[in-house]
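The values are calculated or read from the model by the stated rules, or taken from the named source; none is laboratory data. Small disclaimer: the values here were computed from a predicted structure and weren't measured. Ideal geometry is used to build each Cβ from the backbone, glycine not excepted, and the neighbour counts take in all protein chains shown. In case anyone asks, the SASA skips ligands and DNA or RNA and just uses the protein heavy atoms, side chains included. Shrake-Rupley method; radii C 1.70, N 1.55, O 1.52, S 1.80 Å.
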Amino acid sequence: MPISISPNMMREIIMDHYNNPINKRTPEDLENYKTIRMDSDSCIDDITIYLKIDNNVIKEACFDGVACTISTTSTDILCSLVENKTFEEAMYIIEQYKNMIYEKEFDEEALDELIVFINTHKQAARIKCATLGSTGIEEIINECSHHHEE
């Protein structure tokens, strides 16, 4: 997706994921998922992220709860992007996403629709919303990686 994407197109993508999130659900077989609850004191965000992991590969990623537009959309897109990725691949996507959010050099190819958050830095209060899901996924991966090393 080219970085020259129009503001209207960005808004359409954001609103589509907010109104029709692909990955918003609570799995029925919870015992097969690693979970983390993420919330924010500065926003309504209160979501649980669910990752089904097999041999350090994220087989399924989803989330549920209540969250603002930015948090819902970024988490929804990110869940799609990390599915069927190794921990290393998922962490690369998250690293590139955070680099973009914090105005550092980033690999645009890794981000797909997450590129719609390229201007998030202009609204500092929205950075926590935009990174809530990525931080949660990152924490689950780090915890699983740590247990795997022991």
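Within region 131-143, is even one residue outside any helix (DSSP H, G or I), buried (at least 16 other Cβ atoms within 10 Å of the Cβ) and touching a residue at least 24 places away in the same chain (Cβ under 8 Å)? Spell out the reasoning first.
Let us first name the residues in region 131-143 that are outside any helix (DSSP H, G or I), namely none.
Scanning region 131-143, I find no residue that is outside any helix (DSSP H, G or I), buried (at least 16 other Cβ atoms within 10 Å of the Cβ) and touching a residue at least 24 places away in the same chain (Cβ under 8 Å), so the answer is no.
Working carefully through the options 89, 95, find the one that is farther than 12 Å from residue 22 by Cα, at pLDDT 95 or above, within 13 Å of the chain's Cα centre (by Cα) and open to solvent by 50 Å² or more (accessible area, probe 1.4 Å). Let's see the steps before the verdict.
On the way: 89 fails: within 13 Å of the chain's Cα centre (by Cα).
The unique qualifying residue is 95.
Given the residues 78, 30, which is the only one that is touching a residue at least 12 places away in the same chain (Cβ under 8 Å) and open to solvent by less than 10 Å² (accessible area, probe 1.4 Å)?
Working: 30 fails: open to solvent by less than 10 Å² (accessible area, probe 1.4 Å).
Going through 78, 30 in turn, the sole match is 78.
Taking region 41-57 as the search range and keeping residues that are under 13 Å from the mean Cα position of the chain (by Cα) and open to solvent by less than 10 Å² (accessible area, probe 1.4 Å), which one is nearest to residue 145 (Cα to Cα)? Walk me through how you get there before you give the answer.
So the first thing to find is which residues in region 41-57 are under 13 Å from the mean Cα position of the chain (by Cα), and the list is 47-51.
Okay, now just the ones that are also open to solvent by less than 10 Å² (accessible area, probe 1.4 Å), so 47, 49, 51.
On the way: 47: 22, 49: 17, 51: 13 Å.
So the residue we want is 51.
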